[in-house]
Structures are given as structure tokens and as C-alpha cells.
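What follows is a short report on a single structure.
The values are calculated or read from the model by the stated rules, or taken from the named source; none is laboratory data. In this text the structure is predicted, and so the values were computed from the model without any measurement. Cβ placement follows ideal geometry from the backbone for every residue including glycine, while neighbour counts extend to all protein chains displayed. All accessible areas refer to the heavy atoms of the entire protein, side chains included, with ligands and DNA or RNA removed. Shrake-Rupley method; radii C 1.70, N 1.55, O 1.52, S 1.80 Å.
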Amino acid sequence: MALLKSVKRRLAQGLMMAAFSLAAAAAGAQDQSEPPSLWYTKPAATWTEALPLGNGRIGAMDFGGLEDERIQTNESSLWGGGPHRYADPQARAHLQEVRKLLFAGDVGKAEGVAKDMLGSPALLPAYLPFVDVRLHFPGHANASAYEHRLDLGEAIARTTYTVGDVRYRREVFVSYPDQVLVLRLTASKAGALNFGVDLASVHRSTQVTSRGGDELELTGQVQPQSNPAYSWIASWDRPGERFAALLKVSVDTGHVRADGTRLEISGATTATVLFSGGTSFRNYRDISGDALALAKKHIDLASQRSYETLLQRHVEDFRALFLRTRLSLGAASIQRPTDERLRHFAHDDDAGLVALYYAFGRYLLIASSRQGGQPANLQGIWNEDLMPAWGSKWTTNINLQMNYWPADAGDLWETQEPLWHLIRDLRQSGAETARAHYGARGWVLHHNTDLWRATTPVDGTWGLWPMGGVWLANQMWGHYSFSGDDAFLRRDAYPAMKGAVEFVLDTLVETPAGTPLAGKLVTSPSTSPENQYLMHGEPHHLTYGSTMDIELVDELLDNFVIASTRLHLDEALRVQVEQARKRLPPLQIGRRGQLQEWIEDYPEAEPTHRHVSHLYALYPGHGIDVDRTPELAAAARKTLELRGDGGTGWSRAWRIALWARLRDPAQAYANLKLLLTGSTLPNMFDTCPPFQIDGNFGGVAGITEMLIQSKEGEIRVLPALPKEWPEGHLLGVRVRGGAKVDLAWHAGHLTRFVLHADHDESYRVVYGQAVTRIEARPGVPVVLDGDLQTIVDR
């Protein structure tokens, strides 16, 4: 009987949830009548009009060309340079002098001495392009009925057009299960498919040969490179990684033959092209791998499967991640190409375009970060330049962290594994830097890293910001707060946090008598990332005790106390942490009512600077809160008003989340509008400028914050819902504490709230002035109406 009741209860719950999902879908159904997609009526003329594909290891940009098609590819581990230890044993000798000069106010001299504290070398190499797949279709230049489309729900780029009486179709995807790029070509008329295909690379000394009449092989090695100083990319004087690519063509009818370094296909109706690649990278200390063997392994396995099987495996794998969280904003679908929708957004507030942007950001994260590849860098996984902007590195003073802001709430935890792997490596190389540059325990990371796991200060004195590891450790705790994954906490997060704590405790110094906040513990030297202040009319980067440092350290120490207590570890260290935290400087409010960025209320060299680092405690941190710290929240608001819209794509994305935390829907939406109208390229890539992917990811996180916010034990619903989104639903969004939430709203008001808990948890749910407390249990959804009243008898 008990079993029967349980089955009936679960059946009823399942029917209820199905009904809710249908109702939510109906609330914004019109824009969901077909899967979200980007589409265009002409081929890409530039790289930033091409459509991105990827599986976390192989990235591809599909141009959708007619007579000549280009698919430009990347392999996530192909970088300039080679294994290298950046730590400089002489750097530590200058540390005390720099600190003494900073405390004395002689910043100019301190910055002169600090140049000798940079790593060796002081620049990092770049992430590099891989191989181009080129296809040639004689006589196809004057096609009609052209469409180039990226279907986000399937992660497939499709190009269709008509030449004469033949309809041609190309489908391209990059499979994670099979680790190959797959291109399927089809003609509507039997035997009408005739084309050539070859491989090319921007790298010197590559060789292309044909194999067996239906395969092409490309091999090469990264060559020495001399880069100009203005590129901010290191030069290197010896060959680096080896790389290889293989391409294989099969047809249903007709013929494939090799013509030198090209394959010619004739008389086919369908053709399947498989492409894979690899590098000799094994780990950041070892590049002795067999690149060709890796490429051959994947292409041999994939060629044993039919196209239909490859397609099914790819789509099932991708959808399993992509469909977990879905946003609809209830707007009727606008039948207009994506680039036109972007141009019109300033005037029509196309809510469907916002939902598409949200879906596209999720798509990009899955495509650029999967286990087995490297983390998403400044350009995700996509780059066509030997000297990309800022080296397309991992910039760790916000950009790398921002790339993963959507991962936890968006239920894309698998995409974070490359980041966790990077941090495992950085803990090792960062320990070398901590010892050599600071004489400290633990590990440190400054504002950039690369494939070779650099952790030293680089670029210039503004690189002396030793908080990158602290921020990443805090981000790991953030994942734990969403997941409740004790194994992750013990295995990954806690060791990273402990190492960061040890570094902090060994490098915090007491401000001497006669300085502001004398007797407090501060970081020194440091910066407020990339920003400058004026002292005696001169601009300076270097300082001590910047506000962002204090916010990051305070959060780390607080998280460590909770984690070590929960794990029953390191009691003596916990006591030291608690004592040090009490001696940190307070956050200060400046003379203009703004949150002070530095230890003193210095004038700003650039009042509208793109970084608002000192607002970390508002977002992504939680140290500043409208209810708990209203004066600091007001100062944060004043800071945003004074600083302006940020100018760059990623800084506008950050401001969306900051205004959402201040519960200001109009300002959050205004910054989202600036992001879409002023910082989004035709293919919906973010532009800094130039292209930089963090704005895409930050935009998704900002939209999420507008609709739902969570902290330990609390969920805030629709805290910054703008008037432009009167209808909509958000399904499957994750909240801290280990639960999923579905939301639906109508006429600007909440209509349904459903919570699915991973484990027993108590939540305070807040919607406007309504507040309720719920006790959640796994397998028993909690359903509330728009007044937060329970509508299901649990």
C-alpha cells in the first residue's frame, strides 16, 4: 500500500510538473515555435560574421561560402612558446624595498624598482590558429535562395542554396563523443555534387600530402616567432609544439581522387568529410606527444560509424547539456536575419533576441569548454590570428572568471572541468612563484596565464596584482555552494583555498604608523586591476591595500573558515585566519559618495575606466548587499553612476549583474541594450573591441541575475525584471544550496515558482515584499503561486 501511494504521489507530481512546463511554455510559446538559431541571407564576408562550432578541443568557424568555402579551425592546446618556468629567483630581493617606498608615498620610485619583480620573460606567448579546411564549388557563385544558419539546439551550422535546378545543402558540426569535425554535403539531384577540398595553415613549414586517394594529411610545428612589443605577446626562439590534421572524404556515388594536395569529388549525391587534429601537448611540462597518432585515432574510429550515427551521438550529447536551462521572454518571433535583428534592437527592444543571446551564450560555453580541452580563453576556443589581441590568453583579473559565471546557475557544471584542471596545474607553478617572488607558502597567480601555466607578474608593473589565485579559489567555493559536492570540496576546492590562504597570511603586512588605517593588514604591492590613480598629478598603478584586494581576501578567509569547519581540518590555521580577518581594513566611502577604490581617496586618472574592480563585493561577491549593507550599496550605486557604461563589451556585461544586484531593472536593461547594440558583432560574438568572448558569458550571467538571485539559504525572484519583458519563463536554473528552479511570469508579475531540491534544504524565498520559508526535500517539488503561497499539498 505504501509503495502504491508513493507511485501515485510521484505520478501526480510528474503530471503536475508536465502541466507546469506546458503552461510555462505557453506563456512564451511563440518564440519557441522553432529551435533557437542564428541565420543570415549571405555568406560571411569576415571572420566575425562566420558561425562558431566546437567541442572544447576543436573549434571551427564556418563561413558558409558559395564558390569557395572556408572552415577555419583551432585546437585548444596549440600555443606559441613551450614549457617554461617563469619565476625569477631575484624578484624577492626587491619586495621589501617596494613595500617601504609605497608606505612612504614614493610610488614613482616604487614602480621603478618593481619592474625587477616581473617574471622571466615579462610577456606571455599567444594562443594560435590551427588549420583551414577549404572547399571549392565551381559555378556556384550565382546561387539563389541562400541561407546560412546555426541551430543552437543541435550545434549544427547549415548552408543551403540553389544553383540552377539543384538545391545544395551543407551541414557542419564538431562532435564531442567522436572528437571530429563532420561535414555533410548533399545535392537534390543525383550525381550533381562536384567539388574540391584541401587543407591550409598560416603556420610556416607545414606539409600536406594525400593518403590512399581519399585522405589528406597536414603536419607542422610551431616555429620561432619574433613579435613586436606593442602586441603584448612574447617572442620565442625555438620550435614548439608539433601538430597534425587529417581529412577523409567518403561518397555514396561518384568518385574521390587525389590531385596533388587536393581531393576532387565528382558525380556524388552525398559526401561526408571527416576532419580531426591534434598537437604534441601532453601537459604543461611535456610536449612530446604524437600529434598525428592522436588525429588518426579519432578519424579512424569516426570513419567506422555512419553519418547518421555520428549525427545522433553528437546531438544527444549536446542537447543533454544545452536543454537543461531554457529562457523564453514571450515575444513573437521576428522573421528577420540575426544581423538585422541586432541593428534594429535599439528601436524595437526585441525580447526574443535577448532570449536568443542567452541561448547563444550557453551554446558558446559548451562549445569552448569540455573535459579533455583547455578552458575557454579570451576568445573562447576561436582565433584566426598569429598575433591575436592580448594573446588570446587567460586573463585572470576578471576575464577568465567571467567566462564561467554562467556555468553554475546554468547547470553547465561539466564545462568547468577544464578550469578545475587549470587550477590544479596553477597550484604547482604558483607555489614556485610564491616562494621565489614572495618567500611565501601556498600558491599565487597574477593577472595572466598561458598554456605553460605562468603565474608570475607580467606585462608591466600593473601586473603586480597577486589576487588571481584568490579569486579562482573563491570561484571554486562558489561552485560548491551551488552543488554541495563534498567530493569536489575535499579534492579540489579546499586545497586551492588553503594554498591561497597560506599565501595571503604570509604576504599581508601591517600598515605602519602615519599611514591611513595604521595597524591594519593589507596586501602590498598590488593594484586595482588595470586602473590608475593620480598622485601629485601623476598616474600610478601600484598601491597597497586596494579595495578589491581586501574584498577578495575577506571573502576567501570567510569561505575558508566555513570549509575547514565543515571538513574538520586545519583548526590551528583557522584560528590564524579568523584573527587576520578581524584586522583587514574596512571598505570606505569617498568624498563623492562613491565606494573608494584605493586605500586613500585618490583622483582617478580615467574616471570612466572599464574596470570596476572595487565592486567585486557587490557582484560576483556578496559582501555588499542592499539590505544588509545599505550604505555600501548606495556607494556602489554612486560608483556606477560616476564610472558610466564601461565602453567595452565585458564591462557592460558586468554592469548588468551589478545593477541587477542593486535591484534596478531599468539600469540593468540599459546596460544589456548597450551590450547588444554597441558591443555585439554580426555573428553575436562580443567585442571588447576587438572580439573577446567574456562579454557573451557575462551577458548570460547578468540576465540570470535580473531574473533570479541566490545566496546561502535565500532565493530572490525577479529582482530586476524590466518592463520590456512582461511575459516569460526560465526553466532549470540552479540556485545555491543545491536546487533547480522554474519560474514563469505574466504581465510583469510572478505566476509560478517551482523548486526541485537535490537534498534537504531550507530556503527563504523573496519576491518583492512577499517572503516565505520553504523546507525542500529531494524528489518532492515545491510549487508556489505569484504570492508565494504553496499550491501543492506536500
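Can you give the FRET efficiency for R583 and V771, using 1/(1 + (r/R0)^6), R0 = 30 Å, r = Cβ-Cβ distance, to the nearest 0.05?
That gives a FRET efficiency of 0.25.
List the GluC sites (Glu not before Pro) within region 696-794 that DSSP assigns to loop and that have no more than 12 neighbouring Cβ atoms inside 10 Å.
Values: sites: E705, E712, E714, E724, E727, E761, E775; in loops: E712, E724, E727.
Here the sparse-neighbourhood loop sites are E712.
Any chance you could run the full-extension gain for T209 through E600? It's 0.36 nm times the residue separation minus the Cα-Cα distance, nm to one decimal.
134.3 nm
For region 289-392, I need the span (max minus min coordinate) of the C-alpha atoms along each principal axis, in Å, sorted largest to smallest.
Result for region 289-392: principal-axis Cα extents of 54, 39, 23 Å.
Any idea what diffusion coefficient region 357-464 gets from Stokes-Einstein, in µm²/s, Kirkwood Rh on alpha carbon pairs, 10 °C, 1.306 mPa s?
108
Could you estimate the translational diffusion coefficient of region 241-358 from the Stokes-Einstein equation, with Rh from the Kirkwood formula over C-alpha pairs, at 37 °C and 0.692 mPa s, in whole µm²/s?
For the chosen part, D equals 175 µm²/s.
Please list, short to long, the whole-number percent of alpha-carbon pairs of region 373-435 in consecutive 5 angstrom bins beginning at zero.
For region 373-435, the pair-distance distribution reads 4, 16, 22, 24, 18, 12, 4, 0.
Using 0.36 nm per residue, how much length does the chain from L301 to A572 gain when fully extended, once their Cα-Cα distance is taken away? Let's see the in-between values first.
Numbers: separation 271, 0.36 × 271 = 97.56 nm, distance 5.39 nm.
Here the answer is 92.2 nm.
Rolling a 1.4 Å sphere over the protein heavy atoms, what is the accessible area per residue of the chain, to the nearest Å²?
Here the residues of the chain average 35 Å² of exposed surface.
Please report, in Å, the Rg and the Dmax of the chain, where both are computed over Cα atoms only.
Both quantities, over Cα of the chain: 27.0, 87 Å.
Equivalent-ellipsoid semi-axes (√(5λ), Cα gyration tensor) for region 129-183, whole Å, largest first?
They are 24, 15, 9 Å, listed from largest to smallest.
So what's the back-of-envelope 222 nm ellipticity for the chain, counting only DSSP H runs of four-plus at -39500 (n - 2.57) apiece and dividing by all residues, rounded to 500?
The per-residue figure over the chain is -10000 deg cm²/dmol.
Quick one: in region 88-186, what % of C-alpha pairs are over 22 Å apart?
Pairs farther apart than 22 Å: 61 percent.
With a 1.4 Å probe and all protein chains in place, put I599, I791 in order of accessible area, largest first. Kindly include the intermediate steps, with their values, before the conclusion.
Values: I599 5, I791 75 Å².
So, going from the largest accessible area down, we get I791, I599.
Counting only protein heavy atoms and a 1.4 Å probe, tell me what percentage of the chain's accessible area is made up of carbon and sulfur.
The value for the chain is 50 percent carbon and sulfur by accessible area.
Tell me, what does the Kirkwood hydrodynamic radius of region 481-594 come to in angstroms if you use every pair of distinct C-alpha atoms?
15.8
At q = 0.19, 0.20 Å⁻¹, what log₁₀ I(q)/I(0) does a Debye calculation on the Cα points of region 180-317 give, no solvent, two decimals?
Each listed q maps to, in turn, -1.10, -1.16.
A141 to A320: extension gain in nm, 0.36 nm per residue of separation minus the Cα-Cα distance?
60.6 nm
Could you give the dipole magnitude of the chain about its Cα centre, charging the beta-carbon of Lys and Arg +1 and that of Asp and Glu -1, in debye to the nearest 20?
1120
Any idea which of V166, H541, A291 is furthest toward the positive side of the dipole for the chain, if Lys and Arg beta-carbons carry +1 and Asp and Glu beta-carbons -1?
A291
How large is the Rg to Rh ratio of region 423-486 when both quantities use alpha carbon positions and Rh follows Kirkwood? Mind dumping the intermediate values first?
Details: Rg = 12.6 Å, Rh = 12.3 Å.
Using only Cα positions, Rg/Rh for region 423-486 is 1.03.
Using Cα pairs under 8 angstrom and six or more residues apart, how large is the relative contact order of region 330-454, in percent? Before the final figure, lay out each step's value.
On the way: 125 pairs, mean separation 26.7, N = 125.
Dividing the mean separation by the residue count of region 330-454 yields 21 percent.
Within region 177-206, whose backbone N sits under 17 Å from a point 7 Å along Cα→Cβ of H255?
Flagged as within label range: 191-197.
With an 8 Å cut-off on Cα pairs and a minimum separation of 6 or more residues, tell me the relative contact order of region 589-651 in percent.
43
In Å and whole numbers, how far do the C-alpha atoms of region 634-751 stretch along each principal axis, longest first?
Answer, in whole Å and largest first: 39, 36, 30 Å.
If I ignore ligands, DNA and RNA and count only protein heavy atoms, how much of F503 is accessible to a 1.4 Å probe, in Å² to the nearest 10?
Counting only protein heavy atoms, F503 exposes about 0 Å² to solvent.
Give me the one-decimal nm value for the distance between modelled label points at R591 and R490, 7 Å along each residue's Cα-to-Cβ direction.
5.6
Measure of size requested: the Rg and Dmax of region 586-700, with Cα atoms as the atom set and Å as the unit; please supply both.
My reading of the Cα-based Rg and Dmax gives 14.1, 45 Å.
Kindly sort L505, L445 by accessible area of their heavy atoms, largest first, with the probe set to 1.4 Å.
Result, largest first: L505, L445.
Got a sec? Charge dipole of region 48-141, +1 on Cβ for Lys and Arg, -1 for Asp and Glu; which of V133, A104, N55 is way out at the positive end?
In region 48-141, that residue is A104.
Around D549, what is the net charge, scoring Lys/Arg as +1 and Asp/Glu as -1 over all other residues with Cβ under 13 Å from its Cβ?
On the way: positive: K520; negative: E551, D554, E555, E597.
Cβ neighbours under 13 Å give a net charge of -3.
Roughly what would the spin-label model give for E414 and K42, points 7 Å off Cα along C-beta, in nm?
3.9
I need to check one value: relative contact order of the chain, counting alpha carbon pairs closer than 8 Å and at least 6 residues apart, in percent.
Values: 1873 pairs, mean separation 98.0, N = 794.
So the answer I get is 12 percent.
Roughly how many Å² of V208 are accessible to a 1.4 Å probe, to the nearest 10?
Ignoring ligands and nucleic acids, V208 comes out at about 40 Å².
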